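Notes for the one structure printed next.
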Amino acid sequence: MTDAEVGAMARQLGLCYGYNRGLPQPFRLALCGLRNAAPVAARLEAHCWRSWVLGRHEEPPWGTWPAASLVYLSADAEATLDHIEAGDVLVIGGVVDHANVASRVGLARGVAEAHAVRTARLPLDGIVSVRKTSLTCLAVLQILANFAESGDWAAAVREAPALHCAPMRKY
């Protein structure tokens, strides 16, 4: 990741943590792969991340939870996330695989598949028209939180604040 991408990831994680804290039923968040994420961890110091109430794991998700329980969310996945099971551990990746960088398209999915982790994409088709389907971590978290509350993907996507306040050219 470039220095700018490291900074953006740290900001996204801070925004996600803050948003999650304000939810009526917050998710149990965890940061994984910290052993290999020293630059991001250093940037998180500005967000006082050591005081955050969440899991911290040196290992990546597939070294922390059973692979069968993991669902790595990737815009490139063939499967669509239609529902969320009680034991599912959803992975919102920190792999920057912007659609505008050809060498990175599919990188997150490839990492997950290399570790026998199933992948899924959010069901955006027919709900919202976006230029690129790789969303920010905050937008994904907001959509998941809305879906957990309503059980309706269309409403979950429509009501995600990040999709309303960010410039739509971003998506």
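The values are calculated or read from the model by the stated rules, or taken from the named source; none is laboratory data. What you are looking at is a predicted structure, and each value in this text was computed from that prediction instead of being measured. Using ideal geometry, Cβ is built from the backbone for each residue, glycine included, and neighbour counts are taken over all protein chains shown. Surface areas here come from the heavy atoms of the whole protein model, side chains and all, with no ligands, DNA or RNA. Shrake-Rupley method; radii C 1.70, N 1.55, O 1.52, S 1.80 Å.
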With (1) within 17 Å of the chain's Cα centre (by Cα); (2) surrounded by 13 or more Cβ atoms within 10 Å (Cβ to Cβ); (3) under 24 Å from S134 (Cβ atoms) as the list, and D82 as the residue in question, which single condition is left unmet? (2)
Please give the number of the condition L23 fails out of (1) more than 15 Å from the chain's Cα centre (by Cα); (2) under 21 Å from L135 (Cβ atoms); (3) part of a helix (DSSP H, G or I). (3)
Collect the residues in region 64-78 that are in contact (Cβ under 8 Å) with a residue 24 or more places away in the chain and open to solvent by 50 Å² or more (accessible area, probe 1.4 Å), keeping them in residue-number order. W65, E78
Candidates V53, V40, V91 - the one that is part of a loop (DSSP other than H, G, I, E, B), hydrophobic (A, V, I, L, M, F, W, C) and in contact with a helix residue (DSSP H, G or I) (Cβ under 9 Å, 6 or more places away or on another chain): V53
Residues that are open to solvent by 40 Å² or more (accessible area, probe 1.4 Å) and either at pLDDT 95 or above or closer than 18 Å to T136 by Cα (or both): does region 33-42 have at least one? no
